[in-house]
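Novice: The structure that follows is given in the form of structure tokens.
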């Protein structure tokens with residue numbers, strides 16, 4: 001099945017003009033360049049996070065809320081596996097309007113996650129995939145918690161606040177148990193319904209030890225890989241973790257570089273689709289006016305047996 005783009009009502013970019021995109025850049029620079037670092041020192045972490053949330057709310061969320069009434073932006077998808085070329089999973093995702101606004105967008109951004117912020121719109125896809133699961137007693141696992149130690153190897157230096165996504169998952173799935181892991185031991189923590197572990201995703205023994213933890217021995221219903229964004233690291237964790245997805249569950253890799261989609265397609269078609277013939281695989285490219293490089297995700301669905 002080839003890459004496809006579902007046609008929308010009109011093909012108008014979300015910001016609609018260069019002026020809008022310049023505003024996004026300006027606000028982003030306010031929070032990342034020296035002036036932004038000055039704001040971080042001037043305000044408490046809570047107040048600074050609130051300012052960033054307000055900037056996102058008025059510059060991204062509210063304009064999108066208006067635009068999505070008359071405009072659609074669809075993901076580009078490549079699917080295979082399963083009974084009919086991942087038709088079930090493709091159907092779930094193909095109808096997503098990437099300009100839509102959801103509660104998940106607000107909750108993730110409120111906690112400081114980048115999943116629905118200025119440069120990613122994964123939350124709209126997740127809303128479509130997971131809305132039927134909200135009240136179920138799930139086990140949700142995410143690799144990559146954010147960072148404190150800049151010396152720890154990672155490609156996610158612009159990632160969200162440590163633990164942000166886990167706390168958002170807890171709010172969004174009130175009956176779920178939330179687990180996470182990271183190579184940076186300084187960001188590990190434990191709270192109500194949340195527990196985190198150490199893991200080096202490039203080390204097969206560390207991955208095996210992670211899934212050997214008593215809390216994780218039964219696998220997870222949703223596994224999200226948002227750790228080290230390199231092909232080798234992604235494949236390493238996928239190789240050691242895909243079998244840990246429960247039936248009717250999902251395995252997702254975020255932030256795949258567009259330049260690597262060819263490598264992923266070759267690997268999935270030649271290896272994983274053969275090894276897991278019942279699983280459905282979709283490589284999704286999510287058009288975004290401010291991110292032309294890594295706003296791509298691999299979604300794997302394990303059907304009920």
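The values are calculated or read from the model by the stated rules, or taken from the named source; none is laboratory data. For clarity, every value in this text was computed on a predicted model and none was experimentally measured. Ideal geometry is used to build each Cβ from the backbone, glycine not excepted, and the neighbour counts take in all protein chains shown.
Novice: Residues of region 53-82 being free of Cβ contacts under 8 Å to residues at least 24 places away in the same chain and not in a helix (DSSP H, G or I), which ones?
Specialist: 69
Novice: Tell me, which strands (runs of 3 or more DSSP E) lie completely within region 166-276 with 3 or more residues that are free of Cβ contacts under 8 Å to residues at least 24 places away in the same chain?
Specialist: 194-198
Novice: Only residues that are surrounded by 21 or more Cβ atoms within 10 Å (Cβ to Cβ) and at pLDDT 95 or above: list them for region 253-271, please.
Specialist: 253, 254, 255, 256, 264
Novice: Still on this structure, please answer the following. If you check 197, 237, 189, which single one turns out to be under 18 Å from the mean Cα position of the chain (by Cα) and modelled with pLDDT of 95 or more?
Specialist: 237
Novice: In the list 96, 107, which residue meets the criterion of being surrounded by 18 or more Cβ atoms within 10 Å (Cβ to Cβ), in contact with a helix residue (DSSP H, G or I) (Cβ under 6 Å, 6 or more places away or on another chain) and not in a loop (DSSP other than H, G, I, E, B)?
Specialist: Within the list 96, 107, the selection yields 107.
Novice: For region 15-32, check the following and say yes or no: at least one residue is surrounded by 15 or more Cβ atoms within 10 Å (Cβ to Cβ) and either part of a loop (DSSP other than H, G, I, E, B) or at pLDDT 75 or above (or both).
Specialist: Yes.
Novice: When you look at residue 177, is it under 24 Å from residue 135 (Cα atoms), surrounded by fewer than 23 Cβ atoms within 10 Å (Cβ to Cβ) and touching a strand residue (DSSP E or B) at 6+ places or on another chain (Cβ under 7 Å), yes or no?
Specialist: yes
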